[in-house]
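Q: Sharing a structure below in C-alpha cells format, with a few things to ask.
Nothing in this text is a laboratory measurement; each read-out follows from the coordinates by a stated rule. Predicted, not measured: the structure shown is a model, and the values here were computed from it. We place every Cβ from the backbone using ideal geometry, glycine too, and count neighbours over all the protein chains shown.
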Amino acid sequence: MSGLLAIDTTTTACSVALRAGKAVLCRYEAVGQGHSGTVLAMVRAVLDEAGLEMTDLGALACCSGPGSFTGVRIGIGVTQGLALGADLPVIPVSTLATVAQGACRTHGAAAVAVAMDARMGEVYWGCYRRRGAGVVTAGEEAVVSPDSVVLPGTGDAWLGCGTGYGAYAEVLAERLGEAVTVVDPERLPDARDCLALAEVRLAAGARGVAAEDVVPTYLRNRVTQG
C-alpha cells in the first residue's frame, strides 16, 4: 500500500498521522480554535520525518464530522487542497467512529458508545462494535438530547467515551445505567485512528472519492461556530 495521510481538525484537538511503510508517524496537539495555523505545519513535519512528498502518497483520509462547524470545514478544506494538488483520492471517516476506534485502541473495548458534546443541550451519538482492525456502526449516528440516547441490543458491556460524558455526566449515567461500565469523558478524535479506519476500508477495496466530492457531516441543520 502506498503512503496514507490522515487529518483531523473536527474538535479542539488537531492531529495528523502518516503511514510510511511499517511506521505510523503522528502529531497531536490541543489547539482550541488554532487549527488553521497548525495543521499544515504538522503535515509538513510528518512528511519530512518520513522523507516523503505528497506525490509519494496513495490517498488521503480526513475526519469529516460531526464536530465544530469551523473545525470540520478546515479539515475538509485542507484535505481537498492537498488532494487536488497531488491528484489523490480521499477517504472520509466519521469523527464518531474515529473516537470509538481510539477507545478500542487504548482500552481494548469491544463495544463503544460515543457521546460528543454538540452544544445546544445535545450530543452527537453513535454506537460501535469492534470488528477486526476497525469498528462498525451499531445503529445510526445522530444528534440527540442526552436524556434520549439509546444503546442497541441488550447484555453488552459498553465503554462510554467522548466529551458528552463530561458535559452531561449525570443525565447520561441515569439514562444508560450499568450498561456502560467504563467512561472516558476526555476522549477526542485522533488522526491515527482515522488512519486505521481508512486503511481497513482500503484493504476491503474502497477507492475513496474525488477531493471535490468530500461532504461534511453535521448531523443537524443548525450548526455551531465553535
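Q: Restricting attention to the range 123-205, which GluC sites (Glu not before Pro) occupy a DSSP loop and are surrounded by at most 15 other Cβ atoms within 10 Å?
A: Answer by residue number: GLU140, GLU186.
Q: If you bin the C-alpha pair distances of the chain every 10 Å from 0, what whole percents do you get?
A: Pair shares across the bins are 9, 36, 35, 16, 4, 0.
Q: Among ALA59, CYS194, PRO216, pick out the residue whose Cα is farthest towards the positive end of the charge dipole of the chain, where Lys and Arg carry +1 and Asp and Glu carry -1 on C-beta, about the Cα centre.
A: Value: ALA59.
Q: Pick from GLY166, GLY139, GLY21 the residue whose mean-square fluctuation is largest in a GNM of the chain, springs joining Cα atoms under 10 Å.
A: GLY21
Q: Hey, if you drop one equal point scatterer on each alpha-carbon of the range 95-184 and run the Debye formula without solvent, what base-10 log of I(q)/I(0) do you get at q = 0.13, 0.15, 0.19 Å⁻¹?
A: Rounded to two decimals, the profile gives -0.34, -0.46, -0.75.
Q: Now for a different question. For VAL150 and ALA179, calculate 0.36 nm times their separation in residues minus their Cα-Cα distance, and state this gained length in nm to one decimal. The partial results should precede the final answer.
A: Values: separation 29, 0.36 × 29 = 10.44 nm, distance 1.08 nm.
Length gained, VAL150 through ALA179: 9.4 nm.
Q: When the dipole is taken about the Cα centre of the range 57-209, and only Lys, Arg (+1) and Asp, Glu (-1) are charged at their Cβ, what size is it in debye, to the nearest 20?
A: 520 debye
Q: Calculate one ³J(HN,Hα) per residue across the range 141-154 by plugging θ = phi - 60° into the Karplus curve 6.51 cos²θ - 1.76 cosθ + 1.60, and present them in order as whole Hz with x for glycine and proline.
A: Each residue of the range 141-154 in turn: 6, 7, 10, 9, 6, x, 8, 10, 5, 9, 8, x, x, 9 Hz.
Q: Pop out the ³J(HN,Hα) list for the range 15-31 in order, Karplus 6.51 cos²θ - 1.76 cosθ + 1.60 with θ = phi - 60°, rounded to Hz; leave Gly and Pro as x.
A: Along the range 15-31, the couplings run 8, 9, 9, 10, 8, 10, x, 8, 8, 10, 9, 10, 9, 8, 8, 7, 10 Hz.
Q: Moving on. With helices defined as uninterrupted DSSP H runs, which ones in the chain have an alpha carbon span along their own long axis of at least 15 Å and mean Kyte-Doolittle hydropathy of at least -1.0?
A: 39-50, 69-86, 95-107, 191-203
Q: Moving to a separate point now. Measuring from label point to label point, each 7 Å out along Cα→Cβ, what is the GLU212 to ALA169 span in nm?
A: Taking the simple label geometry, GLU212 and ALA169 are separated by 4.9 nm.
Q: Net charge near ALA110, counting Lys/Arg +1 and Asp/Glu -1 over other residues with Cβ under 13 Å of its Cβ?
A: Every neighbour counted, the sum reads +3.
Q: Which of VAL183, VAL72, VAL123 ends up with the largest GNM mean-square fluctuation for the chain, with Cα atoms connected below 10 Å?
A: VAL183
Q: Moving on. At R0 = 41 Å, how high is the FRET efficiency between ALA157 and THR55 if r is their beta carbon distance? Nearest 0.05 is fine.
A: It comes out at approximately 0.35.
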